[in-house]
């Protein structure tokens, strides 16, 4: 079973998805006060403030579904070292009947770039998505160990820090500021 602990980001860490590559607006993330006791959930499904995440290991890959109360972008990031630095990020949105999903790497505390721009590879397959009733849902599969230096090796049974975030309604790009972000600890 998976053990998931909720650790809300401290005020300084809220900038983790601050600009998501663009200029920050200076708005704080909702839920910015740390919880006194971490929440423990006994499965691979997380629902937090309207953000839903499902993680299902399948052999040598991981199926990820993320949904949030926005018509903008949604994102997940594995194992940042500080804010979003060094995180293996997946950020996407749905627009014009099409899903746009990018495999990114946290290049700084509040910045990220596509793996392919850094000399890595895009390792996301089986991408699907939708936008209905003010919610964006994106699903994809990623290898647990892709061999790309910009991807985190995900080991079943081990703990991983995971960033979850989404942008405001209409932020159909990879650069807008987040309106919600949280960090959780997950045992795959």
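Close Cβ contacts (under 8 Å, 6 or more residues apart or on different chains) running from residues in segment 56-68 that are under 16 Å from residue 164 (Cβ atoms) to residues that are part of a loop (DSSP other than H, G, I, E, B) comprise 62/144; 62/154; 62/188; 68/50.
Scanning segment 141-162 for residues that are at pLDDT 90 or above and either part of a strand (DSSP E or B) or surrounded by fewer than 17 Cβ atoms within 10 Å (Cβ to Cβ) (or both) yields 141, 142, 143, 145, 147, 149, 153, 160, 161, 162. All of 117, 37 fail the test of being farther than 17 Å from residue 180 by Cβ, outside any strand (DSSP E or B) and modelled with pLDDT of 90 or more, apart from 117.
Within segment 81-105, the set of residues being farther than 21 Å from residue 141 by Cβ and crowded, with 23+ Cβ neighbours inside 10 Å comprises 83, 84. Mind listing whichever residues of segment 48-66 are within 15 Å of residue 138 (Cα to Cα) and assigned to a strand (DSSP E or B)? Selection gives 51, 52, 53, 54, 55, 56, 62, 63, 64, 65, 66. Taking the condition surrounded by fewer than 15 Cβ atoms within 10 Å (Cβ to Cβ), modelled with pLDDT under 95 and over 13 Å from residue 91 (Cα atoms), does residue 182 pass? Spelling it out, it is not the case that residue 182 is surrounded by fewer than 15 Cβ atoms within 10 Å (Cβ to Cβ), modelled with pLDDT under 95 and over 13 Å from residue 91 (Cα atoms).
Tell me, please, whether a residue that is farther than 21 Å from residue 188 by Cα and touching a helix residue (DSSP H, G or I) at 6+ places or on another chain (Cβ under 8 Å) can be found in segment 118-129. Yes, the conditions are met somewhere in segment 118-129.
The values are calculated or read from the model by the stated rules, or taken from the named source; none is laboratory data. Since we're looking at a predicted model, the values are computed, not measured. Don't worry about glycine lacking a Cβ; one is built from the backbone with ideal geometry, like all the others, and counts go over all protein chains shown.
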